[in-house]
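Data block below; observations after.
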Amino acid sequence: MEHIKNRLRATIDAGAWYLILIGMVLFTVRIPLNAWAAINLPVAVSALQIGGFMFVLGGLQTIISMVVWPQVSLRELIYEATHGRNMGAALTIVGLMLYNGLGMLAIAVWVSGGMGFAAGGR
């Protein structure tokens, strides 16, 4: 039963929900398109919305990581890696960073590939 509680507790992580909230605010930004000629406003709006999208995905990815690996506590791992000189803890941190970082990079490349069409390019 404790195992299920840990997985459910991950869905109410405040840090992840803050990321999602910030992302939703950025994703819903609407800027009037009559402004300076020096700024391509459709691209600026698209970039803001992609930023918001990435915040939301970062929050969701944090929740998914905590649900899939509830036994991994980054606070404990960081403490062990810095104070206890535990190489296994450091490698686990690096693995989680690579997983989350490459996931976000893949989504950013995928989303920005379609940005040229939205901005009138290609």
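Side notes on the structure shown:
- Amide H contacts of Val72 (H built 1.01 Å from N, in plane; Pro and chain starts excluded): no residue 5 or more places away or on another chain comes under 5 Å.
- From phi via Karplus (6.51, -1.76, 1.60), per-residue ³J(HN,Hα) for segment 73-85 in Hz, x at Gly/Pro: 10, 5, 4, 5, 5, 5, 4, 5, 6, 8, 9, x, 6
- For segment 62-72, Karplus couplings with θ = phi - 60° (6.51, -1.76, 1.60), whole Hz, Gly/Pro x: 5, 5, 4, 4, 6, 6, 6, 10, x, 7, 8
- Phi-based couplings in Hz for segment 51-61 (Karplus 6.51, -1.76, 1.60; Gly and Pro marked x): x, x, 4, 5, 4, 4, 5, x, x, 5, 5
- Cα gyration tensor, segment 69-110 - rounded (a/c under 1.5), prolate or oblate: prolate
Read the figures in this text as sums done on the coordinates, not as results from a lab. Bear in mind that the values here come from a model prediction, so they are computed numbers and not experimental data.
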